[in-house]
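Taking it in order: structure first as structure tokens, then the write-up.
The values are calculated or read from the model by the stated rules, or taken from the named source; none is laboratory data. Please read these numbers as outputs of a predicted model, since none were measured by experiment. Note that we place each Cβ from the backbone using ideal geometry, even for glycine, and neighbour counts take in every protein chain shown. Heads up: the accessible areas ignore ligands, DNA and RNA and are worked out on the full protein's heavy atoms, side chains in. Shrake-Rupley method; radii C 1.70, N 1.55, O 1.52, S 1.80 Å.
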Amino acid sequence: MKENQFETIKRLDENGREYWSSRELAKVLEYTDYRNFLGVVSKAEIACENSGEVIHSHFVDANEMVQIGSGAEKPIETMYLSRYACYLVVQNSDPTKVVVAKGQTYFAI
């Protein structure tokens, strides 16, 4: 059985709480341009706030180091997303994508 893509990119913090990198989630959800994905994240943040949750508890700004051509590293902006944030993101993603439907099921459970 093939491992779930969302489970594969899940991370755990020092307290054992799960979270996902927005950049990795964007790739799994087949967003080729991260800037387009940020629009989906903005909608999810609005839904989070409107549900009475604290946005920054679920959408945490962060920097990750990525390798560039010379073998050096540079920081890129990303967000660390809680399971709830990921659920809101997939609810606001392109519903015509099969992977979005799978994400909706995965994060709803």
Just the number please: accessible area per residue for region 1-104, 1.4 Å probe, all protein chains included, in Å². 62
Taking all pairs of distinct alpha-carbon atoms in region 23-98, Kirkwood radius in angstrom: 13.3
Quick check for me: using +1 on Lys/Arg Cβ and -1 on Asp/Glu Cβ, what's the dipole size of region 13-65 about its Cα centre, in debye to the nearest 20? 200
Packing-ranked peptide list from 44-57, 21-34, 79-92, highest mean Cβ count within 10 angstrom first, is 79-92, 21-34, 44-57
If eta is 1.567 mPa s and T is 4 °C, what Stokes-Einstein diffusion coefficient results for region 12-67, Kirkwood Rh from Cα pairs, in µm²/s? 102
Solvent-accessible area, 1.4 Å probe, carbon plus sulfur percent, for region 1-62: 48
